[in-house]
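Novice: The structure is given below, and queries will be raised subsequently.
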Amino acid sequence: MTRPFYITTPIYYVNDIPHIGHAYTTIAADTIARFQKLAGRDTHFVTGTDEHGTKVAEAAHKAGVTPQEYCDRIVGNFKTAWKNLDISNDYFIRATSKRHMDGVRKILTALKEAKTDDGRDVVYSDYYEGLYCTGCEKFITEKELVDGVCPDHKTAPQKLKEKNYFFRLTAFLGKIKEKIESGELTILPEERRREVLGLIGQDLSDFSLSRERVEWGIPLPFDENQVAYVWVDALSNYINAIGYGDDPELFGKWWNQSEVVHLMAKDILKFHCLYWPAMLMAAGIKLPDTLFLHGFFTVDGDKMSKTLGNQIDPGDMVKEFGPDGTRYLLLTQYPFGIDGDIQAKRFVQQYNSDLANDLGNLVSRVGKMVMVNFDGKLPGPFKSIDGLDELVEQAEKLPGQVYEHIKHFRLTHAIAEAISLVRAANKFFNDTTPWLLAKQGEMEKLGGILYASCEVIRIVSIVLYPVMPRKMTEIRSLFSLDESTLTLDHALKFFELQPGTLVSVDRAVFPRQDVKAKAEKKAAASSVGKADDQAGLLDISEFARADLRVARVLEAERVEGADKLLKLQVDAGGGKQQIVAGIAEHYELDDIVDKKVIVVTNLKPAVIRGVESNGMLLACKKGKKLFVLVPDGDLPPGAKVS
Ligand code: MSP
C-alpha cells in the first residue's frame, strides 16, 4: 500500500515582501502536491511564515507597530500572494501560532532531556562570544566577512557575548553521514548531497540553541531568560504543522506513516541537512525521507535584492500572465534543481509561443472544427489515419513518464513532455489537413482526426492540471469534462471520450499577449518613474522631498570586483560625502574628479557591493552611453537644484 505523502516549503521570513523566489518553491511544491493527489495519493501540503527574531522586531519598531501587528500584516501579504497563485496548501503554519509555539516548547523539552549515545547531555550551557549578523540571524565568522561586512546583507555584524544553551551537533554528525550514505535520508540533487557530506567532513561545531536579550521569540521552557534560536524555532514547524505538539493521531499519520519531503533552495542547506536531522534524532523522532534543495536564480543576470530593487512581485506577474501563466513561466525557465537565470524580458515571447500558439491554438482549431462540422458534438474515432498510431502511443506513455519525472523532482522535464505531445498533435493536425477533408466531405476521417486531437487535449488537461489548474479546468469545461474524470488514471487510456460529447470552444483560452503594446506601456511607465494606479504621476510634495544639490567630485576610485562602480567622495555643500555610482564604464577617474555634478543628498544610506553610499548622482543614458548631468553655470557646491 502506498504511503501518504507530506510535502513542505520553507516557512518564509516576514521581514521581506513575497517575491518570485518564494513563489518559485511554493509553486513547485504545489505542483508536486497536486500531482500526487491527481495520482490518488493521500497528500498533505504545508507552507507558512517564519516570524520571530531581531530583524522582525526591528522592522516592527521602525514601522511603529508591535511585532505581532507587524507579522499579521506581512503574513496577510503572503497569504494573498498564494491565493492569487492558486496555491492549494492544506495548512498554513505561522511561527507565532499557539500550535507552533506549543510544538517548539515540546521539542525543546525533549532535547533538554536527551542524552547522546555515550551518555552526555545533548543540551548544555556555555558562553558564546562572536559576531552576529541580524540579517542572517546567525553568528558569522571573521572569515565569512567581506570588507568587514556580511556578504549577503552588506551590514557589519554585532559583537555578542552571552550565555547560551548549546546543542551537541558534533555528537550526531557520524550518524547523519551513515543515514545519508545508506539512503535512509535522501538528499537531492546529487551535488547537494555531496556538499552535505563535504560539510560533515569539515570541522563543524555545536550550535547554540538559544539567545539572550532577544525580545521577540519563544522563551525556553527551562529558562525563561532565553528564547529559542530562530532556526530551532523555524525548523520544527514541519512537525508542529501536523500536530506534534497537540494532535498525536495527525502527527502519526503525516509524519510516521508518510513519505516526507522538504523542498527548499540550497541557501538553507546546513540547517536542513544537518541541524534538523540531528534535532530529530535527539528528540527520538524519525527523519524525513527526502530533502530536495533546488538552485538559486538570478533575475536578468542579477541577484534579487531589496537594495537593487529588482525583486519581482508575483502579484505583478499574475496581473500580466494570470496565475497559470505565472506558474508555467516560472517553472519552465531552466531545469528545476540547478541554478538559473530568470529572464523576465522573455516571458511574453515564451507565453505566446508555448501557451497561446501551441496549446491555445490546438484547443481553438480543434474545438472550432468540431463546432462547424459536427454541430459541436464530438465525432467518433476512426483508426486508419497516417500518424495516428504514433500519436496514440506518445499520448498513452505521457502520464507514466510525467509521474516518474514528478517523483524525481524533474518538473521542467515533466512539463516539456506534455508540451511535446501538444506539438505532436498540432503536427498531426497539420499533416492530415482536416480542412481539405471538410471541403471534400470526408467526414469519417475528418471526425477521426478531430476525435484524436480532442483525446490529446483531454489527456494534456489532466497531466498539466497540477501546473495550470485554472486553465486546465477551463479547457475541460469546453469539452464537457468535469472533476469526476480528473484523475491520472483517466489519462492512461486513449479512446475514452464518448462520441457525442458536447464541445463548445467560444474563447481563446490563452489570449495572445500583445508584445508591441506591452513594450510601449512599459516604456511609458518607466519614463515617468514608477507606474502606479494614478498612471505614474508624482505628487509635487513627493518630488520636493528629494534634496538635489550641485556637488564637486573630490576623489574617485574603482570598487574592487565591480566593473561598473566608482566610489566617489563629493562635496555637496556639507563636507565630504561618499557615494557609489555606476559610471565606471563611461568615465575615467581623471575625467570625473573635479567635475561638478548633481547629487540627491537625502537618500537612505545603502551598501552597494560592500561599500556604503550616501546619495546618488544624476545621469542620463543614450543608447549604451551614459552621461552625468552637469549644471549649466558656475554654481558653488551645495547650490540647491529645484
Ligand atoms: N525562514 C527561513 C526558512 C526557515 S524553514 C525552516 C528562510 N526564509 S526565506 O524567506 O529567506 O526563504 C528562503 C527560501 O526562499 C529559499 O530556500 C527558496 O525556497 C526561496 N527563494 C528565495 N529566493 C530565491 C531565489 N532567488 N531562487 C530560488 N529560490 C528562492 O530562509
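Novice: Roll a 1.4 angstrom probe over the protein heavy atoms and tell me the percent of accessible area of region 121-186 that is carbon or sulfur. Before the final figure, lay out each step's value.
Specialist: Details: 1560 of 3470 Å².
The computed percentage sits at 45.
Novice: Long-range amide H contacts for LEU554: which residues qualify at under 5 Å (H placed 1.01 Å from N, peptide plane, sequence gap of 5 or more or a different chain)?
Specialist: Answer set, sorted by chain and number: GLN569, VAL570, ASP571, ASP594.
Novice: Excluding same-chain residues fewer than 8 positions from LYS161, which lysines have a Cα within less than 24 Å of its Cα?
Specialist: Reachable lysines: LYS55, LYS112, LYS138, LYS143, LYS270.
Novice: Here is a further query. Could you derive backbone 3J(HN,Hα) for region 6-13 from the dihedral phi with the Karplus parameters 6.51, -1.76 and 1.60 (θ = phi - 60°), listing whole Hz in sequence and x where the residue is Gly or Pro?
Specialist: Along region 6-13, the couplings run 10, 10, 10, 10, x, 8, 8, 5 Hz.
Novice: Expressed as a rounded percentage, what relative contact order does the chain have, with Cα pairs under 8 Å and six or more residues apart?
Specialist: Details: 1095 pairs, mean separation 77.2, N = 642.
Relative contact order, the chain: 12 percent.
Novice: Next up: What relative contact order, as a whole-number percentage, does region 555-642 give when Cα pairs under 8 Å and 6 or more residues apart are counted?
Specialist: Numbers: 149 pairs, mean separation 23.1, N = 88.
Relative contact order, region 555-642: 26 percent.
Novice: Would you mind classifying region 151-196 by shape? Square roots of the alpha carbon gyration tensor eigenvalues, ordered a ≥ b ≥ c; an a/c under 1.5 is rounded, otherwise it is prolate if a/b is larger than b/c and oblate if not.
Specialist: Numbers: a/c = 5.13, a/b = 1.59, b/c = 3.23.
Judged from the Cα gyration tensor, region 151-196 comes out oblate (a/c at least 1.5, b/c at or above a/b).
Novice: What number, in percent, do you get for the relative contact order of region 5-162 if the mean sequence gap of Cα pairs under 8 Å and at least 6 apart is divided by its residue count? Don't skip to the answer; put the middle values down first.
Specialist: Values: 193 pairs, mean separation 30.6, N = 158.
After rounding, I find 19 percent.
Novice: Any idea what the dipole of the chain comes to, in debye rounded to 20, about its Cα centre with Lys/Arg Cβ at +1 and Asp/Glu Cβ at -1? Could the numbers behind the result be given before it?
Specialist: Values: 81 positive and 90 negative charges, 180 e Å.
The dipole of the chain has a size of about 860 debye.
Novice: Find the cysteines in the chain that fail to meet the 4.7 Å Cβ criterion with every other cysteine, and list them.
Specialist: CYS71, CYS273, CYS454, CYS620
Novice: Also: Going toward the positive end of the dipole of the chain, with +1 on Lys and Arg Cβ and -1 on Asp and Glu Cβ, which of GLY500, LEU478, TRP435 do you reach last?
Specialist: TRP435
Novice: Counting other C-beta atoms within 10 Å, and keeping those with at most 15, which DSSP coil GluC sites (Glu not before Pro) do you find in region 375-472? Don't skip to the end; give the middle numbers.
Specialist: Working: sites: GLU390, GLU393, GLU396, GLU404, GLU417, GLU442, GLU444, GLU455; in loops: GLU442.
Counting only loop positions with at most 15 other Cβ atoms within 10 Å, the GluC sites (Glu not before Pro) in region 375-472 are GLU442.
Novice: Go through MET616, GLY130, ALA282 and say which Cα lies farthest out towards the positive end of the charge dipole of the chain; charges sit on Cβ, +1 for Lys and Arg, -1 for Asp and Glu.
Specialist: So the residue we want is MET616.
Novice: Moving on. Check GLY340: other-chain or 5+ apart residues with amide H under 5 Å from its amide H, H built from backbone geometry?
Specialist: The answer is PHE296, PHE297, THR298.
Novice: Leaving out ligands and nucleic acids, note down the accessible area per residue over the chain with a 1.4 angstrom probe, in whole Å². Let's see the in-between values first.
Specialist: Working: 29590 Å² over 642 residues.
Here the per-residue accessible area is 46 Å².
Novice: Moving on to the next point. Going by amide H atoms built from the backbone, whose H comes under 5 Å of the H on PHE166, apart from near neighbours?
Specialist: For PHE166, whose amide H was placed from the backbone, the distant partners under 5 Å are TYR124, SER125, ASP126, LEU209.
Novice: A follow-up question, please. Using only DSSP helix segments of four residues or longer, with each worth -39500 (n - 2.57), what per-residue ellipticity at 222 nm results for the chain after dividing by its residue count and rounding to 500? Intermediate values should be presented prior to the final figure.
Specialist: Working: 21 runs with 245 residues, N = 642.
The per-residue figure over the chain is -12000 deg cm²/dmol.
Novice: Taking the DSSP beta bridges in the chain as the whole, what percent of them are antiparallel, to the nearest 5? Before the final figure, lay out the partial values.
Specialist: On the way: 53 of 79 bridges.
Around 65 percent of the beta bridges assigned by DSSP in the chain are antiparallel ones.
Novice: Would you mind classifying region 125-265 by shape? Square roots of the alpha carbon gyration tensor eigenvalues, ordered a ≥ b ≥ c; an a/c under 1.5 is rounded, otherwise it is prolate if a/b is larger than b/c and oblate if not. Before the final figure, lay out the partial values.
Specialist: Working: a/c = 1.91, a/b = 1.25, b/c = 1.53.
Since a/c reaches 1.5 but b/c is at least a/b, the shape of region 125-265 is classed as oblate.
Novice: Mind listing the phi-derived Karplus ³J(HN,Hα) values for region 310-319, rounded to whole Hz, using 6.51, -1.76 and 1.60 with θ = phi - 60°, and x for any glycine or proline?
Specialist: The phi angles translate into 10, 6, 8, 7, x, x, 5, 5, 5, 4 Hz.
Novice: Within straight cross-link reach of LYS175, meaning Cα distance under 19 Å, which aspartates and glutamates are found once same-chain residues fewer than 8 apart are removed?
Specialist: ASP117, ASP118, ASP121, GLU184, GLU195, ASP203, ASP206, ASP289
Novice: Considering only DSSP states other than H, G, I, E and B, which GluC sites (Glu not before Pro) in region 547-608 qualify as loop sites with at most 10 other Cβ atoms within 10 Å? Walk me through the intermediate numbers first.
Specialist: Numbers: sites: GLU555, GLU557, GLU560, GLU585, GLU588; in loops: GLU560, GLU585, GLU588.
Those satisfying the criteria are GLU588.
Novice: Return a single number: how many Lys pairs in region 323-491, at a sequence separation of 8 or more or on separate chains, have alpha-carbon atoms below 26 angstrom apart.
Specialist: The result is 23.
Novice: Read phi for every residue in region 277-287 and hand back ³J(HN,Hα) as whole Hz from Karplus 6.51 cos²θ - 1.76 cosθ + 1.60, θ = phi - 60°, with x for Gly and Pro.
Specialist: Whole-Hz 3J(HN,Hα) from phi for region 277-287: x, 5, 4, 5, 4, 4, 7, x, 10, 5, 8.
Novice: Under a cut-off of 23 Å between alpha-carbon atoms, report the lysines in cross-link reach of LYS576, not counting same-chain residues fewer than 8 places apart.
Specialist: Counting by Cα, and skipping residues close in sequence, LYS576 has these lysines nearby: LYS154, LYS564, LYS567, LYS595, LYS596, LYS604, LYS640.
Novice: Another one. Starting from the Cα gyration tensor of region 11-51, take the square roots of the eigenvalues, sort them a ≥ b ≥ c, and report rounded, prolate or oblate (rounded when a/c is under 1.5, otherwise prolate if a/b is larger than b/c, else oblate). Mind showing how you got there, number by number?
Specialist: Numbers: a/c = 6.29, a/b = 2.20, b/c = 2.85.
Here region 11-51 falls in the oblate category.
Novice: While we're here: Could you point to the residue in GLY295, GLY103, GLN257 farthest towards the positive end of the chain's charge dipole, with +1 and -1 charges on the Cβ of Lys/Arg and Asp/Glu respectively?
Specialist: The one lying farthest along the dipole's positive direction is GLY295.
The values are calculated or read from the model by the stated rules, or taken from the named source; none is laboratory data. Quick caveat: nothing in here was measured; it's all calculated off a predicted structure. We place every Cβ from the backbone using ideal geometry, glycine too, and count neighbours over all the protein chains shown. Areas reflect the complete protein model, heavy atoms only, side chains present, ligands, DNA and RNA absent. Shrake-Rupley method; radii C 1.70, N 1.55, O 1.52, S 1.80 Å.
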